[in-house]
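Working notes, structure below.
Just so you know, all these numbers are worked out from the coordinates, no wet-lab data involved. Worth saying up front: this structure is predicted, and the values here are computed from it rather than measured. Methodologically, a virtual Cβ is constructed for each residue, glycine included, from the backbone with ideal geometry; neighbour enumeration extends over all protein chains shown.
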Amino acid sequence: MRAYIFLPVSLLFALSGCTTPDAVSKFCGVAVTTLSSAKPLFEDMKQSCLREVNSRTSIGTFAPPVTEDKGCEAIGGKSSGAEAAVELLSDYYGAINSLALFGTSKVGGEAGVLAEKSGAAVGVGSPAQTALNSIATFVVNTGVSGYQERKLAKDLSNSSGDIPTVINALIKIIQSDYIDLQLKSEEQKVAIRFQEFAAEDSSGQVKVMLDDRWHADQQAIQARRESARNLIFALQALSKGTSELAANANHLKAKELPALLNPYVTQLQSLVPQVQKGF
Amino acid sequence: MTSDVRKIPIDPAAQALELAKLFNDVSFAIDEYRLSEQDPPLSKSEKSRLKNVAQGMEDSAHYLTAEAIGATLEAIQPQLDNIKLITIQAKTQLEVLKDAEKVIVVATLALNLGTAMAAGNPLSIIAAADELAETLTA
């Protein structure tokens, strides 16, 4: 009868040993942080456009900055779609994180140990022990840990192709539409604004002041560009980590997961502050 | 007679992006021209007109940038829909786990009561029974 208790209890420990998805949880947690750092960049697409439009106003006009422009509204409308995609990805990683974090193995483990102790106290063959054994078996057979593991693996595999596709699209928007197009255009037009004023006023002192001011504006643009590049690196790491996790979700053991995911976690943790610098 | 019609792959995002770049480049070139020294020099009205043309090109580039972003997002709509579905499923699974956990908690407390009864400790029995009752009525 002791063996009857011991088997499910040891099975429970074996299961909980390979279903502790701490590494998955840590990866998903840092994925959510990474994605939240992307939001200010997509918001800046419209702001960059507005800064560009405001650069049309000659220096010394002292007119309040433009806050609405049809073209910029169009960019803002579409970039909010990119923000929604980021939000969706964040929601996905958040849900996987909750699933991975769910502490079923702890409850199951406690119940299993308790069942063993109860069995020993009640004595062999008693009706009470039979009842306790049945409860212990029920706890193990509920298979919550196994369910958790299977569902995690299934969710990760089902989205294995979609996540990189979406992340690649976001990278394309950041690289092509933001860095190569919008920021570049803003940078050029801001320079034109200073050139225009310098051409009208040839005073050396004014030119020095304009040069300082232009450098400050240019550095702000450069900081945003650097942040955007770091976000691309972060998204690439996130995509690669997710693909590897999905590819290995069905056969990797808990002990092997940290070796697979920790390099990505470390990389993302170091990139997020770099992304946040420019915004 | 067979028709030799070849399908040309169209990437709306790439095309909108290319056009936006061209409009930006032309706009910038016009600005550089109006600010550079010309012989004979440009009149004030000519400069103003050129500035307006450059701004018009810039506005067009903004609309085309928006189109490029929209087309990129349009292309990944099926993937976004699938991720949304999987996220909903993961949340449902979490609810299933929470329900299962509640059942396990009750079972664990029942075991606790059984242990206390076996040990014959009245205080432990009362405490375990209270805890079980509280959980069942919660």
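What the table shows:
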{"item": "B:Arg49 being within 10 Å of another protein chain (Cβ to nearest Cβ) and more than 41 Å from the chain's Cα centre (by Cα)", "result": "no"}
{"item": "Residue satisfying all of: in region B:103-138; among the charged types (D, E, K, R) and surrounded by fewer than 13 Cβ atoms within 10 Å (Cβ to Cβ); nearest to A:Ser90 (Cα to Cα) among these", "result": "B:Glu134"}
{"item": "Test: residue in region A:22-36 that is over 20 Å from A:Gln236 (Cβ atoms) and of a type in the set (Val, Ile, Thr)", "result": "no"}
{"item": "Test result for A:Val30, in contact with a helix residue (DSSP H, G or I) (Cβ under 8 Å, 6 or more places away or on another chain) and in a helix (DSSP H, G or I)", "result": "yes"}
{"item": "Residue tally, condition within 7 Å of chain B (Cβ to nearest Cβ) and either without any contact (Cβ under 8 Å) to a residue 60 or more places away in the chain or not β-branched (Val, Ile, Thr) (or both), over region A:53-76", "result": "4"}
{"item": "Pair list, Cβ under 8 Å, 6 or more apart: region A:158-174 residue facing chain B (nearest Cβ under 9 Å), other residue outside any helix (DSSP H, G or I)", "result": "A:Thr165/B:Ile76; A:Val166/B:Ile76; A:Ala169/B:Ile76; A:Leu170/A:Ala38"}
{"item": "Residue match in region B:89-110 (condition: closer than 30 Å to A:Arg193 by Cβ, aliphatic (A, V, I, L, M) and facing chain A (nearest Cβ under 7 Å))", "result": "no"}
{"item": "Criterion (of a type outside the set (D, E, K, R) and in contact with a helix residue (DSSP H, G or I) (Cβ under 7 Å, 6 or more places away or on another chain)) met by exactly one of B:Ile88, B:Ile69", "result": "B:Ile69"}
{"item": "Candidate set: region A:182-240, residues that are in a helix (DSSP H, G or I) and of a type in the set (Ser, Thr, Tyr); chosen: the one surrounded by the fewest Cβ atoms within 10 Å (Cβ to Cβ)", "result": "A:Ser239"}
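Per-residue answers, yes or no, for (1) in contact with a Leu (Cβ under 6 Å, 6 or more places away or on another chain); (2) within 23 Å of A:Leu183 (Cα to Cα); (3) touching a residue at least 12 places away in the same chain (Cβ under 8 Å):
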residue	(1), (2), (3)
B:Ile10	no, no, no
B:Ala20	yes, yes, yes
B:Phe23	no, yes, yes
B:Val26	no, yes, yes
B:Ala29	no, yes, no
B:Tyr33	no, yes, yes
B:Ser36	no, no, no
B:Leu42	no, no, no
B:Ser45	no, no, no
